[in-house]
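Please read the structure below before turning to the comments.
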Amino acid sequence: MQIIGIDLAGSEKNDTGFCVLVGDGASKRVKTEVLKTDKDILLQCALLKPDIIAIDAPLTPARNAFMRPADEELKEYGTLPQSLRGMTYLVQRGIELGNKLKKDYKVIEVFNTATAKILGFHEKKDIEMQKRLARMVDGDLKDRILSRDELDSISSAFTGFLHLQGKTTEIGDDEGRIVIPKV
């Protein structure tokens, strides 16, 4: 199976982490890169034709422009209000990109920090997080030092992988659902 994980930036001027995870259950291999534009993301998805795309960005707006029930429920993991200036750009971009991708692919919203904390590989220092992730998957993690955006895209892809195996739960309601690993 082939999963794409995206750590979406709020602006196309900033780095978006992009990961392709190929796995069969026991073996998982990742390839990561940094992309900028939605056009580049859409092109890579079209070339790869993944089984699922897991995006770390809100894919639905909060009715009150603050927090959706899913965000409230995951507050302990660090969710942010959608009304924050930087978040408003991310929400807008996430909704637009998500809607485009949903036309052709199964797309889920994920929250990297929750995944990393639940699975025990969350670290403030990037290199330490990379070492922990390298125990779980092969590929770029063992070949070079990755950026935080790339590490987070691996976390997204890993959540997608677990989702396809039925090892996740959905937090939230019709206003928005976030997929996290089962505890």
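Observations on the model:
- Under 5 Å between amide hydrogens, built in the peptide plane, is the criterion, and for THR168 it picks out LYS182 among residues at least 5 positions away or on other chains.
- In terms of surrounding Cβ atoms within a 10 Å radius of their Cβ, THR168, THR159, THR115 rank from fewest to most as THR168, THR115, THR159.
- Dipole magnitude for the chain: about 240 debye, using +1 per Lys or Arg Cβ and -1 per Asp or Glu Cβ, origin at the Cα centre.
- From the C-alpha gyration tensor of region 34-164, square roots of 5λ in Å: 24, 20, 13
- Entry note, the chain: relative contact order of 32 percent, from Cα contacts under 8 Å with a spacing of 6+ residues.
- Diffusion coefficient of region 53-122 by Stokes-Einstein, Kirkwood radius over Cα pairs, 10 °C, 1.306 mPa s: 126 µm²/s.
- MRE, 222 nm, helices only [DSSP H, n ≥ 4, -39500 (n - 2.57), over the chain, to nearest 500]: -11500 deg cm²/dmol
Here, each number is a calculation from the coordinates, and none is a lab measurement. None of the values given here were measured: they were computed from a predicted structure. Please note: Cβ atoms are built from the backbone with ideal geometry, for glycine as well, and neighbour counts cover all protein chains shown.
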